[in-house]
Amino acid sequence: MTGTTLITNLLSRQRWDLGGQWRVIVDPYEMGYVGIMGDRNPRGFFRDFHQRHPGDRVEYDFDTSATLMVPGDWNTQDERLFYYEGTVWYRRHVDVDASMMGACGPGTRLFVSFGAANHTARVFLDGEELATHVGGFGPFAVEVTEQLTVGRHSLVVQVDNRREPDRIPAMRSDWWNFGGLTRAVELVATPPVYLRDAWVTMAPDASIVGDVVVDGAEDDMQVTLEIAGRSVPISPGDGCFLDLDVERWAPGRPVLHPVRFRLDGRGGTPADHVDDLVGFRTVEVEGTDVVVNGQPTFLRGISTHAEALSGGRRSHGPADAAAIFDRIDDLGANFVRLAHYQHDEYMAREADRRGILAWCELPVYWGIAFDDAAVLDNARAQLDELVARDRSRASVIMWSVANETMPSPDRTAFLADLADRARRHDPTRLVSAALLTLPTADTEHTIDDPLGDHVDVVAVNQYLGWYYGDRETIADTRWSTAFNKPILFTEFGAGAKAGRHGDDGEIWTEEFQAAVYAEQIEMIRRQRSSRGGAVAGCSPWILKDFRAPVRVLPGIQDGYNRKGLLSEENEPKLAFDVLRSFYDELRVLEPTDRRQLTDLDIQRLRDADRR
C-alpha cells in the first residue's frame, strides 16, 4: 500500500476540490470489506463493481445509492444516520485531464488530501487499497501519482466512526460522535521534488526559527526562506535561526508577514515554493504569569467545539470559522480553547487574522487505555499531525495533550511522553493539559496532580456552583498549585436552556447560569487582586450549546449540553453579557499601546458602567 503522508501549507498548492455529493453505502456489518469467511471480500464495495451482463450477481450499486455532501457529517444529513456508528462507504468519480497531470511540469505528483475523516479511513482508487488513517480529526494525504492516468477514476473511502476502547478518543465523550468525511477532500499537485513541510515561527528569545522537509530530494537542492526583504538559507533538518527585527503579532493587533519558502535545484533552477502569512510573537511563562511579547497577559477566553453556530452539524471551512470567531470577537475575548480535539486548519488561521490567542488540543479524554503501547503510538501520530500543521500560526500558544484524565502512574507517563514530544517538535510554545478537579468542601484548593511537573500551565476544569459546591462560597475560594506555575481555568459554568427564565435559584434558567458566572468572576477578581494570585486566565465552558448524546433530560437538554453562552441556534443567554462585561472591564486595564479601543469598545464600556 502507498500509506499516508502529511503535506502542510496546502492553501499555497494547486488544488482541485473533490467536495460535493458523493454516493454512499451504509455497511454496519462491514460486508463491503470482509467476506463471510473473515478474509477480505474480493467483490467488496471498494471494487465499485457494475453488472456486466443480465446474469451477473453484484449485490451493491453506488450509482443508484444515496448521496451525502462532502465535507460534512452523516449524522445531520440523513435522519436514519443520526445515531449511527459504524462503516459508511463513500464514492466519487475523479476526472483527470492532461493539464492536471502536468500541473507542476514534468513529473507532477498528485495526492488526495483529507482534512479529516472520523474515525478510521481506508482509501481505495480503482479498487486498489492505498492507505489507512487512524484518528478522526487530523489531516492526511495519499499519493496517487502512479495510479492516475488521463480519464475517469473511482475513488472510494471507507469511513468507520465506531467507538472502541483502544481508540483516541475512546468509548465515552461529552460531545457528538460525528461520522464521515467531515472536512475538505482535495486533489493536490506538487512538483516531483517538493516542500512537504515548511514552517517558521518566533522563539522565546525573539529569534526567528524554522525548518523544512523536502520530499524526493536530489543532490544539490537548496532551500531559502524569503522574509522581510531577506533571503535566508535553510538546511533541511537543521533549520534556520535568524535575528530579525519584525513588527510583532499581538493579541488584538494581528500583524502578518508574507513569507516564501523556495526550493531550487542544480544551478538555481526553481523546483518548488510555498507561500504563507505568518505572525511573529513570543510566548513564555514567568512565575505565575503567561507572558506574550514580554507582557504578562490575562487570557480572556472561551472554549468552543467544532460545531456550526446553527443546525447542530460539524463545522468546516472558512465560512464556519469566520462565523464562530465573530461571536468570540463579540464576547471581547483574546483567547480561545479549541476543544477537545484538533479543529479545522481554518480555525487557527482565522485566529491569526483576528489577533486571538489559541489553545489546541488532542482528544485524549475519558477512559483512554494508557497502558496500551499502540494507543500511545496513535496519540503520538495525532500530536505530530497537529503540531506540523499549525506551528506557523502565531495565534497558537499552547498545545494541550489531554482533558480530564484521572491520575495514575500509567496516565502520567503517557501524557508526559506526549508533552516531551510536543516540546521536541516545537520548543517555542507552551504545553498544558486540562486537569479534572473533584468535589471538595474546602474553599482552599491546591492542585497537586503529578502531571503538573510536566506542563507549563496548570489548567483546571472546575464546576463550583454546578456539579458541586455552594454558589455562595465560590467567590471566597482560593486556588494554588505545588508548582509555582500559572493557573488557567479551562472550564467553569452552568447549564441553561435559552429562553427559560425564573429565579436565579432555579436550575436550568438563564438567571441561574448568569448567577454562577457572576460568582466565578468575582472569585477570579479576588484571586488576581490578592498577593501572589496565580490565575492567568480562563476559558469558560462553552461558547454555544452543542450536541451530546449523554445529555438526555427531556424538554431541557434533548441531546444538547446546555452550558453554552449561546443556544444551539446562536441565541445569546444572559451569561454572555455577564462574561462580556467582565472582559470589557479587564480590557481597560491592559496597556493601550497594544490595542486601540474602537468606538464599539468604548460603547461597551459605557454600557458596562451603566449596568
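Yes/no matrix, rows are residues, columns are (1) of a type in the set (A, V, I, L, M); (2) more than 27 Å from the chain's Cα centre (by Cα); (3) surrounded by fewer than 18 Cβ atoms within 10 Å (Cβ to Cβ):
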site: Phe111; (1), (2), (3): no, no, no
site: Glu129; (1), (2), (3): no, yes, yes
site: Gly136; (1), (2), (3): no, no, no
site: Val157; (1), (2), (3): yes, no, no
site: Gly179; (1), (2), (3): no, no, no
Only one of Leu415, Leu438 that is among the aliphatic types (A, V, I, L, M), open to solvent by 10 Å² or more (accessible area, probe 1.4 Å) and more than 30 Å from Ser310 (Cβ to Cβ): Leu438
Residue within the range 75-87 that is under 19 Å from Val144 (Cβ atoms) and not in a loop (DSSP other than H, G, I, E, B) present: no
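To keep it simple, each residue is scored yes or no on (1) of a type in the set (D, E, K, R); (2) out of contact with any His (no Cβ under 9 Å at 6 or more places or on another chain); (3) modelled with pLDDT of 95 or more; (4) outside any helix (DSSP H, G or I).
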site: Phe512; (1), (2), (3), (4): no, yes, yes, no
site: Arg531; (1), (2), (3), (4): yes, yes, no, yes
site: Pro540; (1), (2), (3), (4): no, yes, yes, yes
site: Val550; (1), (2), (3), (4): no, yes, yes, yes
site: Asp558; (1), (2), (3), (4): yes, yes, yes, yes
site: Val578; (1), (2), (3), (4): no, yes, yes, no
site: Asp584; (1), (2), (3), (4): yes, yes, yes, no
site: Arg595; (1), (2), (3), (4): yes, yes, no, yes
site: Arg606; (1), (2), (3), (4): yes, yes, no, no
Members of the range 84-106 found to be open to solvent by less than 50 Å² (accessible area, probe 1.4 Å) and either hydroxyl-bearing (Ser, Thr, Tyr) or out of contact with any His (no Cβ under 9 Å at 6 or more places or on another chain) (or both), listed by number: Tyr84, Gly86, Thr87, Val88, Trp89, Tyr90, Arg91, Met100, Gly102, Ala103, Cys104, Gly105
Boolean, Ala498 is open to solvent by less than 20 Å² (accessible area, probe 1.4 Å), farther than 26 Å from Pro251 by Cβ, outside any strand (DSSP E or B) and modelled with pLDDT of 95 or more: no
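If you check Gly3 against the conditions, is it under 30 Å from Asp384 (Cβ atoms) and touching a Pro at 6+ places or on another chain (Cβ under 8 Å)? Give the steps one after another, and end with the answer.
On the way: under 30 Å from Asp384 (Cβ atoms): yes; touching a Pro at 6+ places or on another chain (Cβ under 8 Å): no.
Here the answer is no, as Gly3 does not meet what is asked.
Quick one: would you say Leu543 is open to solvent by less than 10 Å² (accessible area, probe 1.4 Å), more than 24 Å from Val457 (Cα to Cα) and not hydroxyl-bearing (Ser, Thr, Tyr)?
So Leu543 fails the test.
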Residues located in the range 264-275, provided they are under 30 Å from Val336 (Cα atoms) and open to solvent by less than 40 Å² (accessible area, probe 1.4 Å): Val274
Conditions (1) more than 13 Å from the chain's Cα centre (by Cα); (2) surrounded by 20 or more Cβ atoms within 10 Å (Cβ to Cβ); (3) more than 30 Å from Phe82 (Cα to Cα): number failed by Ala388: (1)
Matching residues, the range 386-406, being among the polar types (S, T, N, Q) and not in a loop (DSSP other than H, G, I, E, B): Ser400, Asn403
Residues of the range 12-22 satisfying the condition of being open to solvent by 20 Å² or more (accessible area, probe 1.4 Å) and either at pLDDT below 95 or in contact with an Asp or Glu (Cβ under 7 Å, 6 or more places away or on another chain) (or both): Ser12, Arg15, Trp16, Asp17
Residues of the range 26-69 satisfying the condition of being without any contact (Cβ under 8 Å) to a residue 60 or more places away in the chain, aliphatic (A, V, I, L, M) and not in a loop (DSSP other than H, G, I, E, B): Val34, Met69
Hey, Val94 hydrophobic (A, V, I, L, M, F, W, C) and not in a loop (DSSP other than H, G, I, E, B) or not: yes
Filter result (open to solvent by 30 Å² or more (accessible area, probe 1.4 Å), under 38 Å from the mean Cα position of the chain (by Cα) and aliphatic (A, V, I, L, M)) within the range 36-83: Ala66, Met69
Filter pass, Ala203 being open to solvent by 10 Å² or more (accessible area, probe 1.4 Å), within 28 Å of the chain's Cα centre (by Cα) and more than 25 Å from Gly265 (Cβ to Cβ): yes
Residue within the range 224-238 that is crowded, with 16+ Cβ neighbours inside 10 Å, within 23 Å of the chain's Cα centre (by Cα) and within 26 Å of Val431 (Cα to Cα) present: no
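Restricting to the range 252-263, and then to whatever is closer than 15 Å to Met202 by Cα and assigned to a loop (DSSP other than H, G, I, E, B), can you tell me which residue is least open to solvent (accessible area, probe 1.4 Å)?
Val255
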Qualifying positions in the range 302-337 - within 17 Å of Arg389 (Cα to Cα), surrounded by 24 or more Cβ atoms within 10 Å (Cβ to Cβ) and free of Cβ contacts under 8 Å to residues at least 40 places away in the same chain: none
Close pairs from the range 509-521: first of a type in the set (A, V, I, L, M), partner open to solvent by less than 20 Å² (accessible area, probe 1.4 Å), Cβ under 6 Å, at least 6 apart: Ala514/Ala575; Val516/Gly465; Val516/Ala494; Ile521/Phe582
Test: residue in the range 562-571 that is modelled with pLDDT of 95 or more and in a helix (DSSP H, G or I): no
Every residue from the range 240-251 that is in contact with an Asp or Glu (Cβ under 8 Å, 6 or more places away or on another chain) and not in a loop (DSSP other than H, G, I, E, B): Cys240
Matching residues, the range 309-328, being over 15 Å from the mean Cα position of the chain (by Cα) and assigned to a loop (DSSP other than H, G, I, E, B): Leu309, Ser310, Gly311, Gly312, Arg313
Residues of the range 274-308 classified as closer than 30 Å to Thr76 by Cα and in a strand (DSSP E or B), total: 5
Leu181 out of contact with any Lys or Arg (no Cβ under 7 Å at 6 or more places or on another chain), closer than 22 Å to Met347 by Cα and modelled with pLDDT of 95 or more: yes
Search result, residues across the range 138-155 that are of a type in the set (Gly, Ala, Ser) and open to solvent by 10 Å² or more (accessible area, probe 1.4 Å): Gly151, Ser154
Matching option when the condition is of a type in the set (Asp, Glu), touching an Asp or Glu at 6+ places or on another chain (Cβ under 7 Å), over 25 Å from Thr405 (Cβ atoms) and open to solvent by 40 Å² or more (accessible area, probe 1.4 Å), among Asp476, Asp503: Asp503
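The values are calculated or read from the model by the stated rules, or taken from the named source; none is laboratory data. Note that the coordinates shown come from a computational prediction; the quantities given were computed from them, not determined experimentally. Counting neighbours? That spans all protein chains shown, and the Cβs are built from the backbone with ideal geometry, glycine included. Note: areas computed on protein heavy atoms with side chains; ligands, DNA, RNA excluded. Shrake-Rupley method; radii C 1.70, N 1.55, O 1.52, S 1.80 Å.
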